[in-house]
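The values are calculated or read from the model by the stated rules, or taken from the named source; none is laboratory data. The shown structure was predicted, so the numbers you read here are calculated from the model rather than taken from an experiment. Neighbour counts run over all protein chains shown; Cβ positions are idealised from the backbone, glycine included. Surface accessibility is based on the protein's heavy atoms, side chains included, excluding ligands, DNA and RNA. Shrake-Rupley method; radii C 1.70, N 1.55, O 1.52, S 1.80 Å.
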Amino acid sequence: MGEDFHADSAVFARHVLALNDRKTHTVPAKNMYPHQWLWDSCFVAIGLRHSSPHRAQRELTSLVKAQWKNGMLPHMVLHPDIWRSFKVWQSHKARYSHDQIGTSGITQPPMLAEAVWRVGEKLPRLERRKFFKKMLPHLIRHHQWLYRDRDPHGEGLALLISPWESGMDNTPPWMQEMRENHLPTWIKLVDVLHLDAPIEILRRDRRWVLEGQRADTIEQIMLFSNQRQLRRQRYDIHKILRHTQFAIEDLAFNCILIRANTILQDIARVIDRKVPADLVACMRKTPIALELLWDEKSGQYYSRNFTTHELMLSPTIATLLPLYAGTITKKRAKQLVTLLTNTHHFGTKFGVPTVPRSALTFREQKYWQGPTWVNTNWLIIDGLLRYGFVEEAKELREKTLRMVDGAGMREYFDPITGKGLGAENFSWTAALTLDLLTQK
Ligand code: GLC
């Protein structure tokens, strides 16, 4: 397909980013997502850097302005006028939260190092050094927090305490774990008595997205109930681990962490700074621990339960993200590429489905249970390129761009028909489309 065909997408993408621009940051989508989200802004900066590296820097500095005193980067920086979100999160109750800026109390995949590096590529040398010097201390504190608070046994894998932290809200392994082992009795009753129907009417997301394209109401209730528990513990990890035992070593998150660790060290090298030795020692453990998440029988990687150490054998797109981590062997990478291209698993006409087609949990239009997302395609393309799978990367890039050409800047897409789903005018779809368009 010729590049000319994509020209309209480039114009559309720029329009979407302008529409969602709030000067210091970009909202993921007007109405539906009115705050700043952590990994969204990282992807947005990766797209913005092409037209405005300065605006891209601001996108990232506004994230670190809201960093907690313990180093956590919160997954949402709240819009000051939306009081109902402040009521939901009540971050001021947490010991280490930001004194002035209202945020959520959990984190999201650590994409910041990647975004800082990519924006730096577009800056003149002196400005790049200045930007890296500004961002490195924040990155170090964030990664130190991840290992201190989220790897309490020093195993090398970060644990997550909410499906929202994974960025893939209703991904099947998390939903199964919640349903089977962490469902409060009142939610069980709502489920059994089908009381979810009246609750459904109260859902705000339904104003903008059709039924069947978002998490089920029961899943949504589980997510909010989990969030309330975390709030009750004031987002204190020691209390949380003592009381809830709901902690998962999420595969995709840890793959992104591995890549982020590598890039953080590259950033430090460019500006002749040392990364603290104890942090480097923690970082070294993660690629080794990643191999513990491999299941020989099915030939796939999985997330792991932090408490029982059992693998969660429910297949998802996360199995392909060790390609992005970049530390697995070429032989393993080849095995993953076979899964990627096999039409029984992840091979579809459009992007990579978030759950393989062969899985019983596959739902082609349901949020993170099947649809394809531009950000996960982008991560996989990047991994493929670094392993030298140039043809496969090119093909996935083309499929992704073709899908966006046809359906616009939607939040996610049906991987079989290419139909646009979820929110309209979605920022990271626009930003990463612009980035993919620069890769020839
Ligand atoms: C949804 C997605 C999450 C994203 C957020 C804002 O919650 O699951 O990954 O960051 O929306 O776009």
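Observations, loosely collected:
- Integer Hz, Karplus 6.51/-1.76/1.60 couplings in order for the range 167-173, x for Gly and Pro: x, 10, 2, 9, 4, x, x
- Charge dipole (the chain, unit charges on Cβ, about Cα centre) - positive-most of Pro172, Ile46, Gln300: Ile46
- Our coupling estimate for the range 397-410, obtained by passing each phi through the Karplus curve with A = 6.51, B = -1.76, C = 1.60 and θ = phi - 60°, is 4, 4, 4, 5, 5, 5, 5, 5, 4, x, 10, x, 7, 7 Hz, Gly and Pro reported as x.
- The modelled label-to-label distance for the pair Lys239/Lys133, using points 7 Å beyond Cα in the direction of Cβ, is 4.1 nm.
- Residue-level accessible surface for Leu126, protein heavy atoms, 1.4 Å, Å²: 140 Å²
- For the chain, a simple Cβ point-charge model (Lys and Arg +1, Asp and Glu -1, everything else neutral) yields a dipole of about 1480 debye relative to the Cα centre.
- Scaled radius of gyration (Cα, divided by 2.2 N^0.38 Å) that the range 29-158 gives: 1.08
- Cross-link partners for Lys133 among the aspartates and glutamates, with Cα-Cα distance under 12 Å and sequence neighbours closer than 8 places in the same chain left out: Asp272.
- Å² per residue, accessible surface of the chain at 1.4 Å: 41 Å²
- Fully extended contour minus Cα-Cα distance, from Gln265 to Glu121, at 0.36 nm per residue: 50.3 nm
- Rounded, prolate or oblate (a/c below 1.5 giving rounded, otherwise prolate when a/b exceeds b/c) for the range 29-88 by Cα gyration tensor: oblate
- Candidates Val275, Val190, Val27: whichever shows maximal mean-square fluctuation once the chain is modelled as a Gaussian network with Cα springs under 10 Å: Val190
- Rolled with a 1.4 Å probe across the full set of protein chains, the surface gives Glu395 an accessible area near 100 Å².
- Largest accessible area first, the listed residues Ser97, Ser298 line up as Ser298, Ser97 when surface is computed with a 1.4 Å probe on the assembled protein chains.
- Residue among Phe426, Leu210, Leu195 farthest towards the positive dipole end of the chain, charges placed on Cβ: Phe426
- Amide H contacts under 5 Å for Leu160, placed H, 5+ residues apart: Ile248, Glu249, Asp250
- Rg/Rh for the range 265-318 (Cα atoms only, Rh after Kirkwood) is 1.16.
- Residues whose amide H comes within less than 5 Å of that of Gln36, counting only those at least five positions distant or on another chain, are Val77, His79 (H built at 1.01 Å from N in the peptide plane).
- The chain - percent relative contact order, Cα under 8 Å, separation 6 or more: 19 percent
- Rounded if a/c under 1.5, otherwise prolate or oblate - the range 347-440, Cα gyration tensor axes: oblate
- Candidates Thr262, Thr417, Thr354: whichever shows maximal mean-square fluctuation once the chain is modelled as a Gaussian network with Cα springs under 10 Å: Thr417
- 3J(HN,Hα) along the range 232-249: 4, 8, 6, 6, 8, 4, 5, 5, 4, 5, 5, 9, 9, 6, 9, 9, 10, 8 Hz, from the Karplus curve 6.51 cos²θ - 1.76 cosθ + 1.60 with θ = phi - 60°, whole Hz, x for Gly and Pro.
- Mean residue ellipticity at 222 nm, helices only, the chain: -15500 deg cm²/dmol; runs of at least 4 DSSP H residues each add -39,500 (n - 2.57), and the sum is divided by the number of residues.
- Computed over the chain, the convex hull of the alpha-carbon atoms projects to a mean area of 19.6 nm².
- Lys, Arg +1 and Asp, Glu -1 on Cβ, resulting dipole of the range 171-235 about Cα centre, debye, nearest 20: 460 debye
- For the range 161-316, the Kirkwood hydrodynamic radius from C-alpha pairs, put into Stokes-Einstein at 20 °C and a viscosity of 1.002 mPa s, yields a diffusion coefficient of 119 µm² per second.
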